Protein chains: 2
Amino acid sequence: MEDHLARQWLATALEEARASLAEGGIPIGAALYGADGTLLGRGHNLRVQEDDPSLHAETAAFRNAGRQRSYRGTTMVTTLSPCWYCSGLVRQFGISRVVVGEDETFRGGQEWLAAHGVEVVVLGDPRCVTLMKDFIAANPVLWNEDIGQ
Amino acid sequence: MEDHLARQWLATALEEARASLAEGGIPIGAALYGADGTLLGRGHNLRVQEDDPSLHAETAAFRNAGRQRSYRGTTMVTTLSPCWYCSGLVRQFGISRVVVGEDETFRGGQEWLAAHGVEVVVLGDPRCVTLMKDFIAANPVLWNEDIGQ
């Protein structure tokens, strides 16, 4: 995909991540875009805000997109490399592409997804890296809880 | 684990599956048990009831268990072999064991989980098989939507 479009879509996910941080939550955001570029759903991690461990950013965006008959051609944009849970979501529902803001602070199943035919675009966005590095340094126990460590 | 305990725990998941069917939903149920045998959470598929595609049975049980600091020693019991989404959940959070009611009508990531150190117990329960076979025959479109086909 075109780099400028990937970065434009990442901006939506980054807004979500920052909204979560402002709410006292874990600063990871995501958005699901349709094959035609329509925004289907956006969301952020809600572990802290709703005491809900099942709502990682990607699952929140997926949930907010509502029921879809097919995910062919859709793109999941996320500020952070998807964990195994969210990678499994992408594979099971046939989401075609994943745009990753950064994969330096954490890396989940992105290579596994690529090996199974998902297009993976890693942007290495320094704002995403800083957001997570600062958060993890300040909240190591909460971060480990969120990734099951 | 002992067969009678696995079957006892499966009864909880089967109750959830039947509750979902009675609500007009997809008849898959699950329960998360702690290392000491305590029931931490139970739930069922809520795609139809809440128009929520993110609530597969296993994610619903995980969600209803609330925030946990560790999943070491826990067991996810499910009436149906977990899809990639729910298999990813098990792997990411370090759930130690999966008890599967049946894997004839659908098989997701259970072998992948076993290869990554998760204990997988398949019970081949005929009640679970019948429940899914009848449901899939009567609702093929809805079933395919739920597994992203």
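Report whether or not B:T74 is within 12 Å of the chain's Cα centre (by Cα) and either surrounded by fewer than 19 Cβ atoms within 10 Å (Cβ to Cβ) or under 24 Å from A:I147 (Cβ atoms) (or both). I'd like the intermediate steps shown before the answer.
Numbers: within 12 Å of the chain's Cα centre (by Cα): no; either surrounded by fewer than 19 Cβ atoms within 10 Å (Cβ to Cβ) or under 24 Å from A:I147 (Cβ atoms) (or both): yes.
No; evaluated as a whole, the condition is false for this residue.
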Index of the failed condition, A:G101 passing every other in (1) assigned to a strand (DSSP E or B); (2) free of Cβ contacts under 8 Å to residues at least 12 places away in the same chain: (2)
Identity of the residue in region A:104-117, more than 15 Å from the chain's Cα centre (by Cα) and under 12 Å from A:G88 (Cβ atoms), that ends up surrounded by the most Cβ atoms within 10 Å (Cβ to Cβ): A:W112
Region A:47-62 - residue that is surrounded by 22 or more Cβ atoms within 10 Å (Cβ to Cβ) and in a helix (DSSP H, G or I) and, of those, farthest from the other protein chains (Cβ to nearest Cβ): A:A57
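I'm trying to understand the selection: among the residues of region A:80-103, which are surrounded by fewer than 21 Cβ atoms within 10 Å (Cβ to Cβ) and basic (K, R)?
So the first thing to find is which residues in region A:80-103 are surrounded by fewer than 21 Cβ atoms within 10 Å (Cβ to Cβ), and the list is A:94, A:96-97, A:103.
Hit for region A:80-103 is A:R97, nothing else.
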Answer residue from region A:113-149, given it is touching a Phe, Trp or Tyr at 6+ places or on another chain (Cβ under 8 Å) and among the hydrophobic types (A, V, I, L, M, F, W, C) and is farthest from B:S87 (Cα to Cα) among those: A:F135
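Is region B:114-128 home to any residue that is modelled with pLDDT under 95 and of a type in the set (G, A, S)? Steps first, answer last, please.
Taking region B:114-128 first, the residues modelled with pLDDT under 95 are none.
Scanning region B:114-128, I find no residue that is modelled with pLDDT under 95 and of a type in the set (G, A, S), so the answer is no.
Got at least one residue in region A:127-144 being more than 13 Å from the chain's Cα centre (by Cα) and at positive phi? If you could, list the steps in order and put the result at the bottom.
We begin by selecting, within region A:127-144, every residue more than 13 Å from the chain's Cα centre (by Cα); these are A:127, A:129-131, A:133-144.
Narrowing further to those that are at positive phi: none.
Scanning region A:127-144 turns up no residue that is more than 13 Å from the chain's Cα centre (by Cα) and at positive phi.
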Where a residue in region B:128-149 is more than 9 Å from chain A (Cβ to nearest Cβ) and its partner, wherever it lies, is basic (K, R) and in a helix (DSSP H, G or I), with Cβ under 8 Å and at least six apart: B:L131/B:R18; B:L142/B:R47; B:D146/B:R47
Close pairs from region A:79-95: first facing chain B (nearest Cβ under 9 Å) and assigned to a loop (DSSP other than H, G, I, E, B), partner surrounded by fewer than 24 Cβ atoms within 10 Å (Cβ to Cβ) and of a type in the set (F, W, Y), Cβ under 8 Å, at least 6 apart: A:C83/A:F106; A:G94/A:Y71; A:I95/A:Y71
Those residues of region B:108-127 which are more than 14 Å from chain A (Cβ to nearest Cβ) and either among the hydroxyl-bearing types (S, T, Y) or outside any helix (DSSP H, G or I) (or both), in sequence order: B:E119, B:V120, B:V121, B:V122, B:L123, B:G124, B:D125
Number of the exception - B:A11 against (1) assigned to a helix (DSSP H, G or I); (2) free of Cβ contacts under 8 Å to residues at least 12 places away in the same chain; (3) within 14 Å of chain A (Cβ to nearest Cβ): (3)
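The values are calculated or read from the model by the stated rules, or taken from the named source; none is laboratory data. Since we're looking at a predicted model, the values are computed, not measured. So basically every Cβ, Gly included, is an ideal-geometry build from the backbone, and we count neighbours across all protein chains shown.
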